[in-house]
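Student: Sharing a structure below in structure tokens format, with a few things to ask.
The values are calculated or read from the model by the stated rules, or taken from the named source; none is laboratory data. Not measured: the values here are computed from a predicted model. Note: ideal-geometry Cβ built from the backbone for every residue, glycine included; neighbour counts use all protein chains shown. To get the accessible areas, we keep the full protein, side chains included, count just its heavy atoms, and leave off ligands, DNA and RNA. Shrake-Rupley method; radii C 1.70, N 1.55, O 1.52, S 1.80 Å.
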Amino acid sequence: MKLDEKSIKSKLGGLRFNTWLIFTLFASAILVMLWFLQLNLLPPYYRAAKIGTVRSIADNVETMVISDQPLSSMYQVARDNSLCIQLADNYGNKSNFNGIGTGCYIDKSLPNNTGDFDYTEMLEKIKESSDGEYNYLIDYGSQMIVYGRLVDAHLGRYILLINSPVTPEKAGLELIQNQFVALTVLVLAFATIASIILARRISRPFITMTKSAKKLAERNFDVSFDAKGIKFNEFEELADSLNYATAELKKVDELRLDLIANVSHDIKTPLTMIMAYTEMIQDFSKDDKNLLLEHLDVISLEAKHLDNLVENMLELSMLQSGTITLELIDFNLNDLANEIIKLFTHKNQEVVFEADNTYIINADRVKIGQVIYNFINNATKYRRHKPIKLKLSQNDNAVRLSVIDDGVGISPEDLDFIWDRYYRIDKNFAREQEGSGLGLSIARGIIIAHNAKYGIVSKENVGSEFYFDINFISILK
Ligand code: ADP
């Protein structure tokens with residue numbers, strides 16, 4: 001699928017829209033809950049608060065009655081608190097102090113009062129109550145509280161009645177409503193802004209990473225993936241994984257190019273030689289026996305080289321696919337090392353052997369011999385003054401076999417790749433440094449198949465040590 005700018009944007013548009021939607025839905029849900037609570041909790045809360053207020057006003061009025069304060073101050077209390085007060089003495093004389101006008105339910109003297117307030121019943125209830133007071137709610141146009149208590153003054157006993165509207169005042173309600181509308185607008189605006197900021201923050205690394213991925217798809221392996229300063233572990237992990245994958249892809253691509261270059265070179269060179277010498281035989285040497293034999297020798301050598309190359313390729317692919325079978329036997333590693341050394345001393349290559357013990361290992365003798373041969377063979381190509389050293393030393397439960405030379409060494413950048421197939425430090429295919437570039441990767445495949453460890457210690461212009469550690473069965477004393 002092609003990822004063009006437009007499709008990235010439309011997908012991220014989806015991300016932004018969805019973030020906004022989730023935020024807005026979340027904020028709306030909270031607002032709805034708040035509304036609901038407000039509508040259901042406000043009236044009872046208001047009612048309880050009002051009863052408390054009425055009770056404390058009643059306390060005030062009682063004090064005023066007991067202390068014989070002027071009636072005008074009762075009016076003041078009624079007006080100030082928007083309620084109406086009634087004081088009735090034992091003789092049925094009633095004084096009304098009305099601070100709410102016609103809405104007063106207990107003031108039957110009002111011309112339009114249709115309320116059926118039952119004075120006698122109220123008195124009964126107050127007398128029946130344990131604390132000398134009684135209140136109830138009544139719907140008289142709007143909700144009202146009717147409160148009554150007995151007041152004992154020195155002039156006699158009074159009944160104090162207070163009537164107060166309970167419904168939250170309209171202005172108060174409107175204020176709350178307006179506040180709620182403002183709150184709703186603010187919360188939704190905040191949700192939108194927050195969602196835009198968040199979506200932008202989340203989408204930024206996606207946009208840059210998608211762009212990088214696009215470049216990668218166009219085979220640009222120098223891209224890097226960046227979480228764009230987003231400190232979410234997931235993004236950083238994603239960026240790291242993609243960077244790792246890119247580095248691996250780059251390596252594979254370089255190897256692929258190397259492979260084509262090396263294989264075509266390695267196969268082409270002997271083939272060219274074979275063709276050239278065949279022509280020479282046809283043209284010059286077919287009648288000269290000595291020259292003919294010389295030319296046939298070259299052809300045979302080049303054919304062997306080709307055969308060797310193909311064999312190595314096959315072996316490596318079998319090692320890598322895991323189809324190779326090892327013939328495991330117990331054998332003396334010191335003996336094998338000395339046998340291989342002998343092959344080199346026959347070619348006038350001096351190899352010094354050094355061992356702290358005699359080790360018996362369980363392994364494929366031929367294949368391990370192949371690895372040792374490869375290590376020594378490479379060392380012969382690069383050694384300078386000192387003879388090559390083959391060393392066996394104990395390393396915990398394993399024996400370390402090292403081949404040490406005083407050659408050119410390997411640079412730290414090349415060290416990571418040296419075991420890769422077709423990897424050669426010298427890329428100009430010098431014919432004198434013959435080799436398929438497969439030796440070390442085959443050696444590594446064999447070592448891994450034995451569950452052994454391997455490594456190189458090398459310093460440029462000082463020398464290299466190639467080693468593997470393989471578990472031993474026993475040490476011969
Ligand atoms: P080749 O057949 O080219 O020797 P190898 O896989 O055996 O292939 O080695 C890969 C490369 O590692 C060599 O081309 C060489 O550049 C480097 N190399 C191997 N052994 C040594 C050594 N002892 N000293 C320096 N470089 C080495």
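Student: Provide I281, I446 ordered by accessible surface of protein heavy atoms (probe 1.4 Å), highest first. Write out the running numbers ahead of the final one.
Tutor: Details: I281 30, I446 0 Å².
Ranked list, largest accessible area first: I281, I446.
Student: I want to make sure I understand the PRE zone here: with the label point 7 angstrom from the Cα of T184 toward its beta carbon, which residues in region 34-60 have backbone N atoms less than 12 Å away?
Tutor: Label zone hits: 34-36.
Student: Oh, and also: Excluding F353 itself, calculate the net charge of residues whose Cβ lies under 13 Å from the Cβ of F353, where each Lys or Arg counts +1 and each Asp or Glu counts -1. Mind showing how you got there, number by number?
Tutor: Values: positive: K342, K389, K391; negative: D335, E339, E350, E354, D356.
Around F353, the charge tally is -2.
Student: FRET efficiency for I448 and I473, Cβ-Cβ distance as r, R0 = 30 Å, nearest 0.05? Show your work: numbers first, answer last.
Tutor: On the way: r = 20 Å, r/R0 = 0.66.
Using R0 = 30 Å, I get an efficiency of 0.95.
Student: What accessible area, in Å² to the nearest ten, does a 1.4 Å probe give for D118?
Tutor: Probe radius 1.4 Å; accessible area of D118 about 70 Å².
Student: Can you tell me the relative contact order of the chain? Whole percent, Cα pairs under 8 Å, sequence separation 6 or more.
Tutor: On the way: 597 pairs, mean separation 47.8, N = 477.
Once divided by the residue count of the chain, the mean separation gives 10 percent.
Student: While we're looking at this one, here's another question. Compute the FRET efficiency between A276 and K381 as 1/(1 + (r/R0)^6), taking r as their Cβ-Cβ distance and R0 = 35 Å, and round to the nearest 0.05. Working shown, then result.
Tutor: Values: r = 26 Å, r/R0 = 0.74.
My answer for the efficiency is 0.85.
Student: Order these peptides, 178-185, 266-273, by their mean beta-carbon neighbour count within 10 angstrom, highest first.
Tutor: 266-273, 178-185
Student: Now, a different point. Please report, as a whole percent, how much of the solvent-accessible surface of region 325-476 comes from carbon and sulfur atoms (probe radius 1.4 Å). Intermediate results must be reported in sequence, preceding the final value.
Tutor: On the way: 3620 of 7620 Å².
Taking all protein chains in place, region 325-476 shows 47 percent carbon and sulfur surface.
Student: Specify whether the C-alpha gyration tensor of region 204-342 places it in the rounded, prolate or oblate class, a ≥ b ≥ c being the square roots of the eigenvalues: rounded for a/c under 1.5, otherwise prolate if a/b is larger than b/c and oblate if not. All intermediate terms of the calculation are to be shown ahead of the outcome.
Tutor: On the way: a/c = 4.96, a/b = 1.91, b/c = 2.59.
Verdict is oblate for region 204-342.
Student: Tell me the relative contact order for region 325-476 as a rounded percent, counting alpha carbon contacts under 8 Å between residues six or more apart.
Tutor: Reported as a whole number, the value is 27 percent.
Student: OK, next. How far is the Cα center of region 74-91 from the Cα center of region 268-318, in Å?
Tutor: 130 Å
Student: Now a separate question. With Cβ to Cβ distances under 13 Å as the rule, what net charge do the other residues near R365 carry (K, R +1; D, E -1)? Present the calculation step by step, with values, prior to reporting the outcome.
Tutor: Details: positive: K367; negative: E327, D330, D335, E339, D364.
Neighbourhood net charge equals -4.
Student: In region 283-386, which GluC sites (Glu not before Pro) fall in coil by DSSP and have 11 or fewer other Cβ atoms within 10 Å?
Tutor: On the way: sites: E294, E302, E311, E315, E327, E339, E350, E354; in loops: E327, E350.
Those that pass, being in a loop and sparsely packed, are E327.
Student: At 7 Å along Cα-to-Cβ for each site, give me the label-to-label distance between I207 and F26 in nm.
Tutor: Those two pseudo-labels are separated by 2.2 nm.
Student: In addition: Helix-only mean residue ellipticity at 222 nm, the chain, DSSP H runs n ≥ 4 weighted -39,500 (n - 2.57), per residue, nearest 500. What is it?
Tutor: Values: 10 runs with 260 residues, N = 477.
Rounded to the nearest 500, it is -19500 deg cm²/dmol.
Student: Label the chain by shape, choosing from rounded, prolate and oblate, from the square roots a ≥ b ≥ c of the eigenvalues of the Cα gyration tensor; if a/c is under 1.5 it is rounded, and otherwise prolate applies when a/b is larger than b/c, oblate when it is not. Could the numbers behind the result be given before it?
Tutor: Details: a/c = 6.69, a/b = 3.76, b/c = 1.78.
Since a/c reaches 1.5 and a/b is larger than b/c, the shape of the chain is classed as prolate.
Student: Averaged per residue, what accessible area in Å² does region 325-476 show with a 1.4 Å probe, protein chains only?
Tutor: On the way: 7620 Å² over 152 residues.
In whole numbers, region 325-476 has 50 Å² accessible per residue.
Student: Please compute the length gained on full extension between V310 and L198, using 0.36 nm multiplied by the number of residues separating them and subtracting their Cα-Cα distance.
Tutor: Numbers: separation 112, 0.36 × 112 = 40.32 nm, distance 5.86 nm.
Taking 0.36 nm per residue and subtracting the Cα distance, the gain is 34.5 nm.
Student: Now, a different point. Could you tell me how far the Cα centroid of region 334-405 sits from the Cα centroid of region 198-254, in Å?
Tutor: Centre-to-centre distance over Cα atoms comes out at 45 Å.
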